[in-house]
Structure formats: structure tokens, C-alpha cells
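For reference, the structure is listed below as C-alpha cells.
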Amino acid sequence: MSSAEVPSVGDLLAERYRLEELLGGANGHRQLWRGVDVLLHRSVAVVLRSPGGEAAAPTMTAAVAASRTHVDSMVDVYDAVDEDRFAYVVREWVNGSSLRGVLEQQTLESAHALELVASVADAVAALHDGGVTHADLQPGSILLSEDDRVMVTEPRNEPGNTQVEDVRALGATLYACLTGAWPRVVPAENTGLPDAATDEWGRVLDAAKVVPGVPARLSQLTADLLDHSQTPPSAAELAVELRRLSETGGADPAPAQATSVLGAINLGSLNLGRRLSGDAAAPPLGMKRLAVVAAVVAAVIFAGVVGSAIVFGGGDDPAGAEDQITGEDTGGDASEEGESDVAAPTEAEITEADIRVVDPPDGDRDQGEGVEAVIDGNASTGWSTNTYYNDPGFGNLKPGMGILIDLGEAMEVASVRVQMTSAGATVGLLAGDEDPGDSSEGDQAIVDDFTELAPPVADADTNIELQAGGQSARYIVVWVTELPASSGGFKLTISDINVFVR
């Protein structure tokens with residue numbers, strides 16, 4: 001944002017909200033301000049984005065939905081204004097800490113983690129009922145107030161984000177509460193936490209393997225929520241299950257009847273995808289006061305990690321404590337029985353020279369530009385196919401398209417992470433020993449001769465991790481055979497690809 005486009009300190013918005021202090025996002029399209037409502041004489045948080053107009057429409061829609069969510073665990077939204085050059089949302093000012101600030105110091109006990117995430121799930125369920133998604137669920141967007149409330153900041157409602165992704169982010173938040181680390185299978189900005197530990201195939205370690213004492217039932221539920229091959233429950237259903245488990249500290253009071261915890265959730269007459277209302281058998285929606293969490297917040301504030309009047313919101317908040325408490329290594333001794341001595345996978349270094357588009361006949365080979373954006377680490381950029389019509393299988397014109405990656409030498413491929421801007425594609429992995437050439441004939445040879453490295457995932461989420469099982473390959477292809485619907489046709493944008501090898 002330039003000074004010519006957006007307000008600055010001391011400016012009065014809507015003749016009412018005076019900007020006092022810029023807290024985050026000084027050089028971005030989204031800024032967080034501390035402000036004052038001069039009419040009601042109270043502090044407010046102002047989330048300012050540029051530009052306004054059409055680009056801000058999802059933000060405005062989300063603000064309206066948030067203002068109508070009458071749950072204790074959602075911050076109150078007071079106002080939303082679009083001035084075309086910029087738009088802003090005015091919300092409740094919260095004194096306290098972000099969840100991130102707490103988790104940088106210590107993890108939470110199982111029962112308290114369950115109650116906290118259940119409160120967050122209440123807010124998410126209310127948003128989903130209102131037809132919007134949050135799109136920024138992570139420890140920095142969850143606030144713990146000085147008066148013992150758990151509160152979720154205003155939603156972003158980013159285009160392409162789905163309710164399923166919000167629920168997976170709830171699972172990632174639960175994992176972070178238990179372990180103090182963030183699982184990268186759920187992308188998020190500025191979590192402030194270290195990446196979750198993974199096994200030799202790049203899969204996130206179960207919480208119980210990272211922190212001894214986490215109940216097996218709770219650890220399995222968290223793993224299921226992070227598993228992209230499983231369909232998660234709605235946010236409302238998840239809130240019910242989390243509170244049920246919290247009564248026993250995360251252990252299941254009854255024997256499990258299913259391998260997957262998600263498959264064992266029994267919600268009776270609950271309407272799928274909707275919040276419980278007036279159900280005497282269920283805990284009321286909203287936040288339960290969390291005495292232990294409040295004590296942790298008080299300790300953090302007392303220690304000087306956060307001031308008594310600091311507010312954090314979304315991914316733009318300050319990093320919190322400069323010093324992090326480093327606990328003992330709880331990952332276990334590799335020499336113990338059952339542990340593998342195979343080296344953990346690392347991310348392969350890929351350059352622009354190592355990738356190209358595969359477009360077999362009857363492709364016109366005019367879609368190769370911009371493919372380098374899938375390795376730039378920026379989720380806002382990417383490579384896109386053309387728009388095809390009549391059929392999601394590239395209009396029945398060709399068997400598919402893909403992105404070829406040269407690893408430089410044969411390596412054991414653990415997994416490949418693919419991030420897309422919309423769900424619904426069919427994506428798999430192919431592998432071969434040599435590149436037959438950047439030509440129409442060469443691309444056809446890839447289709448004919450390369451073998452399957454990972455089976456295709458149909459109707460894929462926007463973020464998937466394809467497991468290659470340690471097979472050796474030098475050349476791999478992220479291979480797309482069906483496109484998601486887009487603007488009357490079918491089109492896909494891949495924003496990021498990460499390859500993990502041993």
C-alpha cells in the first residue's frame with residue numbers, strides 16, 4: 001500500500017474511527033490498526049485492505065456474515081466500509097494474547113486443547129451457516145482475552161477456500177495446541193510455530209508420538225482431520241465430538257468401533273453441516289471459560305511476553321515473544337524398538353531449468369509460460385491451464401497435462417505436495433528415467449512410457465500430498481487428467497509444488 005492509497009496515523013475513517021497505531025502489514029495489501037471510535041469512546045481494531053471495490057467483495061461479505069454470528073467465540077464486527085481505493089472492517093478490540101503467543105511458550109493439556117478448539121469450531125460453524133468460510137484459521141487468528149474468552153478474528157473468506165479446508169485447519173490448530181508445531185499439510189501464513197515433525201515418507205507424526213501422554217483416541221482424531229484422503233465432519237459436528245472427548249481428557253469412554261475416528265462420530269439427529277441449537281443434550285454453543293488457558297495467558301502477560309493492552313489478529317500480527325521455550329525432544333529415541341533409522345525426507349531443490357509443462361497431442365503447446373511460479377514459494381502466483389469446455393477431461397482433446405520435474409539424479413521420492421486455487425481436479429504422479437524431449441512427440445512418450453508413482457486423487461482438495469512411498473525416480477510428473485469447473489468451463493491453477501525426497 002502506498003501512502004497515496006491508504007490512510008495513515010491520525011486519519012478519521014467514516015468521520016468516526018481514528019487510526020492510532022499500525023500493528024502489522026505495513027507493506028502489504030492488508031493492514032491491522034489499533035483505532036478509537038470517537039463517538040462511543042472505545043478502542044477498536046481496524047483491518048484495512050487495498051484495493052477496495054471488487055477485490056474487497058469477499059472481505060465485505062465475510063464481515064456481514066461475521067456481524068450476524070451470535071456466538072461468544074467470534075469477535076464482534078461493528079462496521080464494514082468499502083471506499084473503492086481501500087476497504088476496512090472495524091471490529092472489537094481484544095486485550096490479551098494470541099494463541100500463537102501462548103504456544104510459543106508451552107503446549108496445552110489435552111482437555112484444555114479440546115475445549116479451546118471446540119470454541120473455535122463454534123465460530124467456524126456459524127460462519128459456514130452464513131455461507132462464508134474463514135480462510136485464515138491458525139494460532140495467530142485465535143485470541144485469548146484477559147477476561148478468559150477464546151475469540152476468533154474476522155474471516156477473510158478468500159475465493160476458492162472451502163468449508164473442508166476450514167475444518168482441516170481446525171485439526172491443524174488442535175495438533176498445534178498439543179505439540180507446539182504446525183503441520184504443513186495445512187498451509188497457513190505466519191503461524192510463528194515450527195513445522196511439525198514427519199516420518200521417513202513425509203507424513204506428519206501422530207501427536208501421541210511427539211508428545212507422550214496424548215490419548216490415542218485424540219491423536220487418531222487429529223491425524224484423521226489432517227488426512228486428505230478422508231472427508232472430515234462439519235465444523236458443528238466436530239465441536240460436538242471435541243467436547244465429548246474433553247470430558248475424559250481426550251480418551252474415548254467407549255471402545256472404538258471404527259479404525260477412523262471420523263467414521264465413529266455418532267451425532268444422532270444432528271443435521272449435517274448445521275450448528276446445534278436448543279439441544280439439551282449438547283453443550284451450548286460459544287466459549288466455555290478455560291481456567292487453565294487463562295492462567296497460561298496471565299503467566300505469559302506477567303512474564304512480559306505481551307502487554308496488557310496488546311491485540312493480535314490474523315496473520316499480520318506481530319510475532320509475539322522473542323524468546324521461545326525449548327522443551328526436551330519428545331520425538332523418541334531412534335534406537336528404540338519400532339523406530340526407523342531411515343533418514344527423514346527433505347525438500348528437493350528445484351530451479352526454473354528443472355521444470356516444464358507436459359502437453360501431449362492434441363495439445364497446442366501454448367501453455368508453458370509461467371510454470372516457474374509453482375516453485376517460487378508464493379501461493380498468490382501460479383501456472384494455469386487454458387479453459388476447456390464440454391468435459392472436465394480437457395474437453396476430450398487430450399489425455400491430460402502435467403508439470404515435469406527433473407530431480408537431477410534418481411532419488412527416493414517420499415511425497416509431493418500440490419497446492420491449487422480450486423478443488424475438484426484429478427491429480428496423480430508419473431515417473432520415468434529420462435526426459436524424451438520438450439516436444440509434442442516427447443510429451444506423448446511420457447504418457448506412453450512413464451509409470452504411475454502415486455495413484456490419482458479424484459475431486460482433490462486445494463491442497464494435497466501425494467505419497468510416493470520412497471520409489472526411486474529422476475523425472476516425475478504432476479499429472480492432471482480432470483479439471484475443476486471454472487466460469488462455464490474447466491480450468492486449473494497450480495500455485496505451488498513441493499517435492500520431498502530421501
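The values are calculated or read from the model by the stated rules, or taken from the named source; none is laboratory data. Nothing here was measured: the structure is a model prediction, and the numbers come from that model. Neighbour counts are summed over all protein chains in view; Cβ atoms, including those assigned to glycine, are modelled from backbone coordinates with ideal geometry.
The set of residues from region 76-98 being more than 19 Å from Leu22 (Cβ to Cβ) and touching a Leu at 6+ places or on another chain (Cβ under 7 Å) comprises Gly96, Ser97. The number of residues in region 86-114 being aliphatic (A, V, I, L, M) and more than 19 Å from Gly35 (Cα to Cα) comes to 7.
Could you figure out which of (1) over 30 Å from Leu218 (Cα atoms); (2) more than 23 Å from the chain's Cα centre (by Cα) isn't true of Met60? In the conditions (1) over 30 Å from Leu218 (Cα atoms); (2) more than 23 Å from the chain's Cα centre (by Cα), Met60 misses (2) alone. When the residues of region 338-373 are narrowed to those that are among the β-branched types (Val, Ile, Thr) and modelled with pLDDT of 75 or more, which ends up surrounded by the fewest Cβ atoms within 10 Å (Cβ to Cβ)? Filtering first and then ranking leaves Thr351. Of all the residues in region 109-127, those that are in contact with a helix residue (DSSP H, G or I) (Cβ under 7 Å, 6 or more places away or on another chain), surrounded by 24 or more Cβ atoms within 10 Å (Cβ to Cβ) and of a type outside the set (Asp, Glu) number 11. Considered as a group, the residues in region 184-231 that are among the β-branched types (Val, Ile, Thr) and farther than 20 Å from Glu165 by Cα include one that is surrounded by the most Cβ atoms within 10 Å (Cβ to Cβ), and that residue is Val214. Scanning region 199-210 for residues that are out of contact with any helix residue (DSSP H, G or I) (no Cβ under 8 Å at 6 or more places or on another chain) and under 22 Å from Ala379 (Cα atoms) yields Gly202, Arg203. Sort out which residues of region 129-157 are surrounded by fewer than 24 Cβ atoms within 10 Å (Cβ to Cβ) and either in a helix (DSSP H, G or I) or of a type in the set (Ser, Thr, Tyr) (or both), and write them in order of number. Selection gives Asp129, Ser145. Ser97 satisfies every condition listed in (1) farther than 24 Å from Val44 by Cα; (2) of a type in the set (Gly, Ala, Ser); (3) in a strand (DSSP E or B) except (1). Go through Glu412, Glu482 for me and flag whichever is farther than 15 Å from Asp359 by Cα and either in contact (Cβ under 8 Å) with a residue 24 or more places away in the chain or surrounded by fewer than 22 Cβ atoms within 10 Å (Cβ to Cβ) (or both). After applying the criteria, what remains is Glu412. Listed conditions (1) part of a strand (DSSP E or B); (2) hydroxyl-bearing (Ser, Thr, Tyr); (3) surrounded by 21 or more Cβ atoms within 10 Å (Cβ to Cβ) are all met by Ser43, apart from (3).
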